[in-house]
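Visitor: My questions all concern the structure below.
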Amino acid sequence: MNVPESADVAFLPKERLVRIFEMIERQGSARVSDLARQFGTSLMTIRRDLTELEQKGVVVRTRGGVMLRKGILEDYEVDVRRRTHLEQKQAIARTAAGLIKSGDTIALDASTTVVELARLLVQLPLTDVTVVTNNFMVANVIATSSIDLFFVGGRLRREALSTVGSQAQTMLAQWACAKTFVSGTGVDLEVGLMDSNPDEVGMKQLMLRNSVHRYLLADSSKLMRRAVMRVCPLTDFDAVITDAGIDAAVRGIFESSDIPLTVAD
């Protein structure tokens with residue numbers, strides 16, 4: 001998704017916020033004046049946007065500008081996450097959808113990438129597919145289809161529109177799935193899949209533990225980055241599916257390891 005080169009396009013506040021974040025993530029930093037010119041808005045509006053991103057923990061304000069918060073990746077609001085790197089997530093979802101067969105029972109976690117997978121799943125000519133999820137957005141998509149849906153109840157985590165906690169884990173533990181698709185906040189070759197919320201970590205671990213086949217859906221911006229909590233080693237996955245934007249050096253590192261990597265077109 002490219003940031004506009006001029007101010008000819010008007011953006012809604014949330015969409016502008018996502019575009020600003022993508023630009024900062026790509027460049028590493030940006031000046032307030034440059035952002036205002038790029039997006040055709042006032043300095044005050046850009047400063048408010050940057051303050052919101054800083055409060056979400058993904059950037060750090062500097063004198064006259066902003067920098068990407070590097071090193072530890074933190075969780076941030078689902079409304080921003082679901083619009084960020086959307087094209088990459090859709091490409092990953094198309095590859096993942098090809099792994100689902102009629103008769104499968106699949107678990108989908110509370111990530112935004114699996115929402116794109118759910119959108120494709122309802123269009124596939126499959127029969128006897130069952131979806132187990134704690135993701136409200138996935139449930140909303142699947143509810144429009146004839147696919148059997150089991151939504152895991154529990155405490156609402158508003159930041160991710162998901163259910164978590166002991167009740168959710170008790171319900172989830174009853175399921176044995178053929179395939180599980182998860183994502184996370186960071187993917188480190190040595191540490192493994194990482195996330196920023198302990199409740200989500202517990203849910204992902206249960207889904208993976210009770211599944212025959214496990215797939216990690218991670219856009220290339222998450223690779224070789226760390227979050228605060230470990231979910232599992234990458235060797236636990238049948239495949240790590242990422243997008244074609246993966247850095248050549250990072251791809252080489254993965255391919256020289258024992259980690260099965262699939263790059264989506």
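The values are calculated or read from the model by the stated rules, or taken from the named source; none is laboratory data. Everything numeric here is computed off the predicted structure, so don't read it as measured data. Positions of Cβ are backbone-derived with ideal geometry, glycine not excepted, and every protein chain shown enters the neighbour counts.
Visitor: Sort out which residues of the stretch 230-239 are surrounded by fewer than 22 Cβ atoms within 10 Å (Cβ to Cβ) and either charged (D, E, K, R) or in a strand (DSSP E or B) (or both), and write them in order of number.
Guide: Within the stretch 230-239, Arg230, Cys232, Asp236, Asp238, Ala239 meet the criteria.
Visitor: Testing Gly252 on (1) assigned to a helix (DSSP H, G or I); (2) within 10 Å of Val187 (Cβ to Cβ), one condition comes back false. Which one is that?
Guide: (2)
Visitor: Mind checking which strands (runs of 3 or more DSSP E) fall wholly inside the stretch 25-72 and carry at least 1 residues that are more than 19 Å from Ser221 (Cβ to Cβ) and modelled with pLDDT of 85 or more? First the steps, then the outcome.
Guide: Working: elements: 29-31, 59-62, 65-68.
The qualifying strands (runs of 3 or more DSSP E) are 29-31, 65-68.
Visitor: Within the stretch 144-162, is there a residue that is within 21 Å of the chain's Cα centre (by Cα), crowded, with 22+ Cβ neighbours inside 10 Å, of a type outside the set (A, V, I, L, M) and assigned by TED's automatic domain parsing to the domain that holds Ser102?
Guide: yes
Visitor: Answer with yes or no whether Val187 is modelled with pLDDT of 95 or more and either assigned by TED's automatic domain parsing to the domain that holds Gln88 or in contact with an Asp or Glu (Cβ under 7 Å, 6 or more places away or on another chain) (or both). Reasoning before the result, please.
Guide: Values: modelled with pLDDT of 95 or more: no; either assigned by TED's automatic domain parsing to the domain that holds Gln88 or in contact with an Asp or Glu (Cβ under 7 Å, 6 or more places away or on another chain) (or both): yes.
No: the conditions fail for Val187.
Visitor: Here is a follow-up. Going by the structure shown, is Leu126 crowded, with 22+ Cβ neighbours inside 10 Å, modelled with pLDDT of 90 or more and of a type in the set (A, V, I, L, M, F, W, C)? So that I can check it myself, show each step before the final result.
Guide: Numbers: crowded, with 22+ Cβ neighbours inside 10 Å: no; modelled with pLDDT of 90 or more: yes; of a type in the set (A, V, I, L, M, F, W, C): yes.
So Leu126 does not fit the description; no.
Visitor: How many residues, within the stretch 165-189, are surrounded by fewer than 23 Cβ atoms within 10 Å (Cβ to Cβ), within 20 Å of the chain's Cα centre (by Cα) and among the aliphatic types (A, V, I, L, M)?
Guide: Going through the stretch 165-189 one residue at a time, the tally reaches 1.
Visitor: Does the stretch 203-210 contain at least one residue that is among the charged types (D, E, K, R) and modelled with pLDDT under 95? Step through it out loud before you land on a result.
Guide: Here is the first cut: in the stretch 203-210, the ones among the charged types (D, E, K, R) are 204, 209.
Remaining after also requiring modelled with pLDDT under 95: none.
Looking for residues that are among the charged types (D, E, K, R) and modelled with pLDDT under 95, one finds none in the stretch 203-210, hence no.
Visitor: The conditions are (1) in contact with a Ser or Thr (Cβ under 8 Å, 6 or more places away or on another chain); (2) under 28 Å from Thr130 (Cα atoms); (3) not charged (D, E, K, R), and Ser220 fails exactly one of them. Which is it?
Guide: (2)
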